[in-house]
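Chemist: First the structure, then my questions, so here it is.
What follows draws every value from the coordinates through simple rules; no lab data is involved. The structure displayed is predicted, hence computed values, not measured ones. Note that we place each Cβ from the backbone using ideal geometry, even for glycine, and neighbour counts take in every protein chain shown.
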Amino acid sequence: MTVPSARPPRPVRRGRRRFGAGKLGRGLLIGLFILFVLVPLYWVFVTSIKPSEDYLAVPPVWFPAAPTLGHYTAALFAYRGLDGLINSLVVSTGATILSALFGTAMAYSLARFGTGGQHLSFWVLSQRFLPPVAIVLPVFLLYRNLHLNDTRFGLVLIYTVFTLPVTVWMLFAYFRQMPPSLEEAALVDGCSRWQAFWSIAVPLAAPGIAAAMVFAFIACWTEFFFALILTGRNAFTLPTVFRAFLGFQGAQYGEASALAVVSLLPSTVLGMLAQKHLVRGLTLGAVRG
Amino acid sequence: MHPSIARVRQKPRPLAVWVDRHFKWLLVTPAVLLILALTVYPLAFSLWVAFINYDFTVPGHAFVGLENFRRVLADPVATGSALTTAWLTVVNVGLEFLLGLMLALAMARTFRGRGIVMTVLIVPLFISPVIVGQFWALLLQRPFGPTDYLLGKLVGHDVTISWLTQAPWNFIAIVVADVWQWTPFMFVLLLAGLTSIPPHVYEAAELDGASAWTAFWQLTLPALAPMILIAVTFRLLDAVKLFDVIFMLTGGGPGTSTYTASYYLYQIGFQQFHISQATAGSWLFLLAITVLIMLLVRKLLRPEAAR
Amino acid sequence: MAEVTITGLKKNYGAYQAVKGIDLAIPDGEFTVLVGPSGCGKSTLLRTIAGLEDITEGTIEIGGETVNDMRPRDRDVAMVFQDYALYPHMSVRRNIGFGLKARKFPKADIARRVERAAAMLGIGPLLDRLPRHLSGGQRQRVAIGRAIVRDPQIFLFDEPLSNLDAQLRDDMRGEIKRLHLEIGTTMIYVTHDQIEAMTLADRIVLMRDGRIEQQGSPLDLFERPATRFVAGFLGSPKMNFLDGEVVRGPEGGIRLADGTVLRLAPARLDALRQGPVVLGIRPEHMSRAAGEAVRPGFVRLDTTVDLLQPTGARTYATVGCAGQSLVAELQAHDVGEVGAHIVLDIDLRRASLFDATSGKAL
């Protein structure tokens, strides 16, 4: 699946009046949107370090006079946020690795040999759009029988499945643009197909694989629905901890914010690092940003 | 090279040769098996469950034909949630597209600090939707959120809107949360599409005397069409699954007024344990999405075949 | 022994027939060049010998063994690719030794062989560099080194010089020829360049449309082309072709479009049937008229110069003849100016005749 790729996003210097609004309009729009993005982030951060007395203050406290880290400790320990974090880490890492292994293998096969033709590719692609709600109930029942409910392994398996489409498609596009002559040289030189794949193709695809892994990790880290239903007191992940803050009666604002800050940092940092590959990741490799 | 150097010929092991011959199939096997086990099999299983009377407590499964489907379609909450899903999706995706496009157009040129701005703008994409719901709950919930206070200052008199429990404000809250998170998605893709348009097209237009408005409608939009299709398709198919934000912001309430399809099925299946009805409902939902997929994704793949 | 025998080889890609039935026997130690225009199937043929492509029908034998189902690594062949295909993340040393390492050779052995191959190709000082720090010519040598070091039964070359500039190409051509003299291994070389084919080959296999048009020694193909296609493919500038008709009888010969009859030796004329033909005259068989009398077997052409292309020692002059153009290869200082009158002698004894419809030589 190839769309004529977009060139790298170096913005184009156009002539004077091109898209209407002019410098002021553009600046205003961008500025407003940046504000829009930053306000909730700022508010959450500030709330996480506010002492509880400041919650009900009118006018609202924009920055506490006496910031505290107490909410962080409460969130991580009293609310078992740390356990959730560790589970999230384990599950996300595990699923990412499995997804990378299976996905790279499949992507290579599709790219180099056209395995299964259009049908296999389309089938894998369409998994991306499968609504979790369609399979979560039977998977829940299945896991119940296999004693996989509320286990990290069970979650790893289902997360691998739902990150596979993106991994496969990103790497499919990547392998397509690698010239096959390197692997052919390796084959003639003395490699088996497996050796050519593992010693030549995979190292050369390393940047693409890394990017795919980053996006898989972020997807697992931020996933809520499957975790909500398939985990309980043992294997619960970080997003599910927020259930405890539903219908707050006030006292939990600090903890909720603290946990939110802790949760969003890893995925956001990773996302910013993989920025270059963002367009590729979002469109399943169809477009090279 | 002296011809006397012995030629080393290794006898190939039959297993190695077999692996080589079937390599392409062996590579796809793990992924395919996993997908079969955790997607195809559950789907088949749930189809069976949808046609029987499945209950945790009562043994035995009686075949009940289309009864479960009928029950879902007759349930006003179900139809209500379907409608809510439909128009929330349209509003969300529509707004995200418009805002994303405007942002992309504004960001298409270089300026100092553009890199930093880009990095800030894409942050919402990497945050869990539950947490996004949490953000907006914090901002909007009275009496702790500053929203009513700020709005009051803006309009001059006290504002007392219950953003999470009062219609139509709770819908607005949901839309704001979704738009906050997913506008960058549209923005990033549309920007990539914009920067791939060669500048000399516009230079030719300027020489021809076209106005900026004409250039936009006749040149930019058509050139952007493939990317718009991709972006809208992906976003549309994700937006219909709206769950996390509902869960955190409104809990489906007040009553069942903000139920989306996924939330309704969650309630039926995991709070009320009407397993068969839930699976029937999820199959109806899946069918609706499949139609969408067939229409949109096929369209995405077909132009490529023609290239 | 590393002779290659190909019988009835066919290769289809779906409905497209790339190779339509090839029979080829290459003796051990010979330098065979597969040459032809794009799409003739030469690269496909080479790749099937390497094992990189499956065959639809037929057999390939290397050293007496049928290798149809063998993996490339088991066939003991080495290949040099057009884009060099050097492993970018490995040093030159590791690149060259890669094949030996994959076959589990002892380390000392590998080191020794790599040094020897590098010395042979003059790339000793480059051994620790990465491919991206090498020039095109150096990369090509490394690619050849990687092939040599394995001491294979057969060397395969897939248009190895196409990516080099003209000067470098000439140098490398000589190196490859010298390599063959030194090592003596069977070499199969694919190119679209007829000069490479002529200078390198012990035997040329000229392919067209998935079939072998003609095979033989370079001079064989050059002086006795079997078809018009072969005659037009080899030789630069191209052979001149004139449309004509066989006229039998005592005043017989080839009648050109403007009615002129070019006399042929009776022995030759008798072997021909009446009918349309194509007369092929090589540019080097035309020269400035010498002497008053026309030599036997020659024909005198009185014409004007239309175009001149000097190349140093020689000049190619385009002249008119019976409504068509001929290119003559003349000494540089033997030609007048454009538009000037010129008299040429054409050696008809060396001319070729082809059937106008089938293209076969007569």
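Chemist: Run the simple label-point estimate for C:A340 and A:L38 please: 7 Å along Cα→C-beta, distance reported in nm.
Modeler: Roughly 8.3 nm, to one decimal.
Chemist: For chain C, take the longest principal axis of its alpha carbons; what is the angle in degrees between that and the long axis of helix C:92-102, to the nearest 10 within 0 to 90?
Modeler: Approximately 70 degrees, to the nearest 10.
Chemist: Go through A:170-183, A:229-242, C:309-322 and give me the packing order, highest mean Cβ count within 10 Å leading. Before the final figure, lay out the partial values.
Modeler: On the way: A:170-183: 20.3, A:229-242: 21.9, C:309-322: 15.4.
Top of the packing list down: A:229-242, A:170-183, C:309-322.
Chemist: In nm, to one decimal, how far is the modelled label at C:R178 from the one at A:F77, with both set 7 Å along Cα→Cβ?
Modeler: Between C:R178 and A:F77, the label points sit 7.9 nm apart.
Chemist: On to the next question. For peptide C:177-187, compute the average count of partner chain beta-carbon atoms within 10 Å of each residue's beta-carbon. If you can, show how the numbers build up before the last one.
Modeler: Values: counts 0, 0, 1, 0, 0, 1, 3, 2, 2, 0, 0.
For this peptide, the per-residue mean of nearby foreign Cβ atoms is 1.
Chemist: Using only Cα atoms, what is the ratio of the radius of gyration of chain A to 2.2 N^0.38 Å? Don't skip to the end; give the middle numbers.
Modeler: Working: Rg = 23.2 Å, N = 289, 2.2 N^0.38 = 18.9 Å.
That works out to 1.22 for chain A.
Chemist: Here's something else I'd like to know. Based on alpha-carbon centroids, what's the gap between segment B:73-106 and segment C:210-239 in Å, whole number please?
Modeler: Rounded to whole Å, the Cα centres lie 71 Å apart.
Chemist: Under 8 Å for C-alpha pairs, at least 6 residues apart: give me the relative contact order for chain C, rounded to a whole percent.
Modeler: Details: 741 pairs, mean separation 55.6, N = 362.
Relative CO of chain C lands at 15 percent.
Chemist: May I ask you to evaluate 6.51 cos²θ - 1.76 cosθ + 1.60, the Karplus curve with θ = phi - 60°, for each residue of segment B:130-139 and list the ³J(HN,Hα) values in order in whole Hz, giving x for glycine and proline?
Modeler: Karplus-based 3J(HN,Hα) across segment B:130-139 equals 4, 5, 4, x, 4, 3, 6, 4, 4, 6 Hz.
Chemist: When you have a sec, figure out the Kirkwood radius of segment A:58-206 from all distinct Cα pair distances and drop it here in Å to one decimal? Walk me through the numbers before you get to the answer.
Modeler: Values: mean 1/r = 0.0528 Å⁻¹.
Evaluated on segment A:58-206, it is 18.9 Å.
Chemist: In addition: Can you list, largest first and rounded to whole Å, the semi-axes you get for segment B:246-298 by taking the square root of 5 times each eigenvalue of its Cα gyration tensor?
Modeler: Working: eigenvalues 112, 48, 10 Å².
Output for segment B:246-298: semi-axes of 24, 16, 7 Å.
Chemist: Taking only Cα atoms of segment B:67-174, what ratio of Rg to Rh do you get with Rh as the Kirkwood inverse-distance radius?
Modeler: Numbers: Rg = 19.0 Å, Rh = 17.4 Å.
Ratio of gyration radius to Kirkwood radius for segment B:67-174: 1.09.
Chemist: Another question about this same structure. Straight-line reach from C:K101: which aspartates and glutamates fall under 20 Å, measuring Cα to Cα and dropping same-chain residues less than 8 apart?
Modeler: A:E183, A:E184, A:D189, B:D20, C:D74, C:D76, C:D109, C:E115, C:D128, C:D151
Chemist: To continue, here is another question. If you add up the charges near C:F354, with Lys and Arg at +1 and Asp and Glu at -1, over every other residue whose beta carbon is less than 9 angstrom from its beta carbon, what do you get?
Modeler: Neighbourhood net charge equals +1.
Chemist: Continuing with this model, one more query. Please quote Rg/Rh for the protein assembly as shown to two decimal places, taking the Kirkwood radius as Rh and restricting both calculations to Cα atoms. Present the calculation step by step, with values, prior to reporting the outcome.
Modeler: Numbers: Rg = 37.6 Å, Rh = 33.9 Å.
With Rh from the inverse mean 1/r over Cα pairs, Rg/Rh is 1.11.
Chemist: Given a Förster distance of 30 angstrom, what is the FRET efficiency for A:L101 paired with C:K104, based on the Cβ-Cβ distance and rounded to 0.05? Each step should come with its number before you reach the end.
Modeler: Working: r = 26 Å, r/R0 = 0.86.
The computed FRET efficiency comes out at 0.70.
Chemist: Out of segment B:95-134, which chymotrypsin sites (Phe, Trp or Tyr not before Pro) are coil in DSSP terms and have no more than 15 other C-beta atoms within 10 Å? Walk me through the numbers on the way to the answer.
Modeler: Numbers: sites: B:F97, B:F111, B:F126; in loops: B:F111.
Answer in residue order: B:F111.
Chemist: Within 10 Å of each residue's Cβ, count the other Cβ atoms and sort C:S358, C:S38, A:S92 from fewest upward. All intermediate terms of the calculation are to be shown ahead of the outcome.
Modeler: Working: C:S358 10, C:S38 7, A:S92 26.
Fewest to most other Cβ atoms nearby, the residues stand as C:S38, C:S358, A:S92.
Chemist: Counting pairs of alpha carbon atoms under 8 Å apart in space and at least six apart in sequence, what relative contact order in percent does segment A:57-206 give? Let's see the in-between values first.
Modeler: Values: 85 pairs, mean separation 45.5, N = 150.
Computed value for segment A:57-206: 30 percent relative contact order.
Chemist: Using only the C-alpha atoms of segment C:134-201, find the volume of their convex hull and express it per residue in Å³. Intermediate values should be presented prior to the final figure.
Modeler: Details: hull volume 5.4 nm³, N = 68.
Expressed per residue, the convex hull around the Cα atoms of segment C:134-201 is 80 Å³.
Chemist: Can you list the lysines whose alpha carbon is less than 30 Å from that of C:K10, not counting same-chain residues fewer than 8 positions off?
Modeler: The qualifying lysines are B:K11, B:K24, C:K20, C:K42, C:K360.
Chemist: For a bin width of 20 Å, list the pair-distance distribution of chain B built from all Cα-Cα distances, rounded to whole %.
Modeler: Per 20 Å bin, starting at zero, the Cα-Cα P(r) for chain B comes out as 23, 44, 25, 7, 1, 0 percent.
Chemist: Using θ = phi - 60° and the Karplus form 6.51 cos²θ - 1.76 cosθ + 1.60, what ³J(HN,Hα) does each residue of segment A:69-76 get, whole Hz, x for Gly and Pro?
Modeler: After applying 6.51 cos²θ - 1.76 cosθ + 1.60, I find 9, x, 5, 5, 5, 4, 4, 6 Hz.
Chemist: Moving to a separate point now. Just want the ordering: B:R235, A:R243, B:R71, from fewest to most Cβ atoms lying within 10 Å of their own Cβ. Don't jump to the answer; show the numbers that get you there.
Modeler: Working: B:R235 22, A:R243 13, B:R71 17.
Least crowded to most crowded, the residues run A:R243, B:R71, B:R235.
Chemist: Can I get the semi-axes of segment A:182-270's equivalent ellipsoid? Compute them from the C-alpha gyration tensor as square roots of 5 times the eigenvalues, in angstrom, largest first. Could the numbers behind the result be given before it?
Modeler: Numbers: eigenvalues 410, 40, 10 Å².
The equivalent ellipsoid of segment A:182-270 has semi-axes of 45, 14, 7 Å.
Chemist: Further question: Going by how many other beta carbons lie within 10 Å of each one, how would you line up C:L269, A:L35, C:L179, fewest first? Intermediate values should be presented prior to the final figure.
Modeler: Details: C:L269 17, A:L35 10, C:L179 20.
Fewest-to-most ranking of C:L269, A:L35, C:L179: A:L35, C:L269, C:L179.
Chemist: Given the C-alpha centroids of segment C:160-183 and segment C:50-115, what is the distance between them in whole angstrom?
Modeler: 21
Chemist: Please list 3J(HN,Hα) in residue order for segment A:258-273, calculated via the Karplus relation 6.51 cos²θ - 1.76 cosθ + 1.60 where θ = phi - 60°; whole Hz, with x for glycine and proline.
Modeler: In residue order, the calculated couplings are 4, 5, 4, 4, 4, 5, 7, 4, x, 5, 5, 4, 4, x, 5, 5 Hz.
Chemist: Choose one of B:W217, B:F171, B:S196: the residue whose Cα lies farthest towards the positive end of the charge dipole of segment B:136-222 (beta-carbon charges +1 Lys, Arg; -1 Asp, Glu; about the Cα centre).
Modeler: B:F171
Chemist: Which FRET efficiency value, to the nearest 0.05, do you get for B:V120 and B:V155 by plugging their Cβ-Cβ distance into 1/(1 + (r/R0)^6) with R0 = 22 Å?
Modeler: Numbers: r = 29 Å, r/R0 = 1.31.
E between B:V120 and B:V155, to the nearest 0.05, is 0.15.
Chemist: Here is a follow-up. Report the calculated FRET efficiency for C:T7 and C:R224 (r = Cβ-Cβ distance, R0 = 41 Å), to the nearest 0.05.
Modeler: Details: r = 26 Å, r/R0 = 0.63.
After rounding to 0.05, the efficiency reads 0.95.
Chemist: Another question, if that's okay. Rounded to the nearest 500, what is the 222 nm mean residue ellipticity of chain B from helices alone, with -39500 (n - 2.57) per DSSP H run of 4+ residues and division by all residues?
Modeler: Values: 14 runs with 200 residues, N = 307.
Rounded to the nearest 500, the figure is -21000 deg cm²/dmol.
Chemist: Still on this structure, please answer the following. Please work out how much length the chain gains when fully extended from A:H147 to A:W198, using 0.36 nm per residue of separation minus the C-alpha to C-alpha distance, in nm with one decimal.
Modeler: Values: separation 51, 0.36 × 51 = 18.36 nm, distance 3.51 nm.
Working it through step by step, the gained length comes to 14.9 nm.
Chemist: Here is a further query. On a 0 to 90° scale, report how tilted helix C:107-121 is relative to the longest principal axis of chain C, with both axes built from alpha carbons and the result rounded to the nearest 10.
Modeler: Orientation of helix C:107-121: about 20 degrees from the principal axis.
Chemist: Related question: Taking 7 Å along the Cα-to-C-beta vector as the label spot, tell me the C:Q17-C:R211 distance in nanometres, rounded to one decimal.
Modeler: The two pseudo-label positions are separated by 0.9 nm.
Chemist: Over all residues in B:107-117, what is the mean tally of Cβ atoms on other chains that come within 10 Å of each residue's Cβ?
Modeler: Working: counts 6, 8, 8, 4, 5, 0, 0, 2, 1, 1, 5.
Other-chain Cβ atoms within 10 Å of each residue's Cβ, averaged: 4.
Chemist: Let me ask something additional. Kirkwood Rh, Cα Rg: Rg to Rh for segment C:1-122? Don't jump to the answer; show the numbers that get you there.
Modeler: Values: Rg = 16.7 Å, Rh = 16.4 Å.
The Rg/Rh ratio comes out at 1.02.
Chemist: Fully extended, how many nm does the chain gain between A:L246 and A:I86 (0.36 nm per residue separation, minus their Cα-Cα distance)? Each step should come with its number before you reach the end.
Modeler: Working: separation 160, 0.36 × 160 = 57.60 nm, distance 2.20 nm.
Extending this stretch completely gives an extra 55.4 nm.
Chemist: Taking the Cα atoms of chain C, report the difference between the largest and smallest coordinate on each principal axis, in whole Å and largest first.
Modeler: Principal extents (Cα only, largest first): 77, 46, 34 Å.
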